[in-house]
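Just below is one structure, and these are the notes that go with it.
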Amino acid sequence: MLDATTRSGGTATVTPRTAATELAVATTAGPVPPTGLARVTRVLLSPWSRLSLLVAVLASAATTVVLFQPQELLTNGWPPQLGGAAAALAYAVAYGLCTVAFVPRPLLNLAAGALFGSQLGLASALAGTVLGSGIAFCLGRVLGQEALRPLLRGKWLKAADGQLSRHGFRTMLAMRLFPGVPFAASNYCAAVSRMGLLPFLLATGLGSIPNTAAYVVAGARASTPTSPAFLIALACIALPGLAGAVVAWRKRHRLRGH
């Protein structure tokens, strides 16, 4: 009896034993190596490739800001083609994009007050703050979180990550109420943590009201620096900064004690 094949009329016929052996060999041969396109896709979507893309996007945004200098709005004013609510909405969008490109928020808040007055300027600045923080959070979460989380090994980094991950809303609310942590840094720290997007945006919107209002009012009343509104705005800018410094000093000593 032939184990491999039997021949009938010149045609090879595979026996059941041979078919079972070939199936076992095919099964144990291992997965098919990925094709060239699959390998390229896997490299492009890897955590470090995405982080490199994030760095490139932020560097390009910062370079654009340096070249176009949007802070000239403070001296040249808003384009005359836009006015009222449409101008405030356009400014909110520009505000959000500028914060992603590391333009300081105090400068943008002063410009909002100088351009639109206290009420409309505050609404535009707050909308831009939430928009910019949301864009930065999503960029950091999608492009940077997976690569950066394994690097959170230091005591300070672990403490900040744990605070944001477990008590995200109240931690971010405190960071917005007491200035001291740079706006962009807090956005990307929250993105790398396990904090949710909705609590992050709510805390940003609520916590940014006092400080943003102070700068907007100061910008709106800059032409009358001796007016009570301007002096109160300056006090509202200085006092939270002092309180934030005291809280940070106490937190620092508490962490050292641990």
Quiz item: Filter the range 109-129 for residues that are without any contact (Cβ under 8 Å) to a residue 40 or more places away in the chain and under 17 Å from residue 207 (Cα atoms); which is nearest to the chain's Cα centre (by Cα)?
Solution: 128
Practice problem: Would you mind telling me which numbered condition in (1) open to solvent by less than 80 Å² (accessible area, probe 1.4 Å); (2) in a helix (DSSP H, G or I); (3) modelled with pLDDT under 65 residue 43 fails? | Solution: (1)
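It is to be established whether one or more residues within the range 130-146 are polar (S, T, N, Q) and either at pLDDT 85 or above or more than 15 Å from the chain's Cα centre (by Cα) (or both). Even if it seems obvious, please write down each step before you answer.
Going residue by residue through the range 130-146, those that are polar (S, T, N, Q) are 133, 145.
This time we only want the ones that are either at pLDDT 85 or above or more than 15 Å from the chain's Cα centre (by Cα) (or both), so: 133.
There is at least one residue in the range 130-146 that is polar (S, T, N, Q) and either at pLDDT 85 or above or more than 15 Å from the chain's Cα centre (by Cα) (or both).
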Practice problem: Check whether at least one residue in the range 174-195 is at pLDDT 90 or above and farther than 27 Å from residue 57 by Cα, and report yes or no. | Solution: no
Quiz item: What number goes with the only condition from (1) under 15 Å from residue 214 (Cβ atoms); (2) open to solvent by less than 10 Å² (accessible area, probe 1.4 Å); (3) in contact with a helix residue (DSSP H, G or I) (Cβ under 6 Å, 6 or more places away or on another chain) that residue 129 does not pass?
Solution: (3)
Practice problem: Select from the range 178-229 the residues that are open to solvent by less than 40 Å² (accessible area, probe 1.4 Å) and not in a helix (DSSP H, G or I) and list them in ascending order. | Solution: 193, 195, 196, 208, 227
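The values are calculated or read from the model by the stated rules, or taken from the named source; none is laboratory data. Computed from a predicted structure; not experimentally measured. Because the Cβ atoms are built from the backbone with ideal geometry, glycine has one as well, and the counts that use them run over all protein chains shown. Side chains are part of the model used for accessible areas, which takes the heavy atoms of the whole protein and leaves out ligands, DNA and RNA. Shrake-Rupley method; radii C 1.70, N 1.55, O 1.52, S 1.80 Å.
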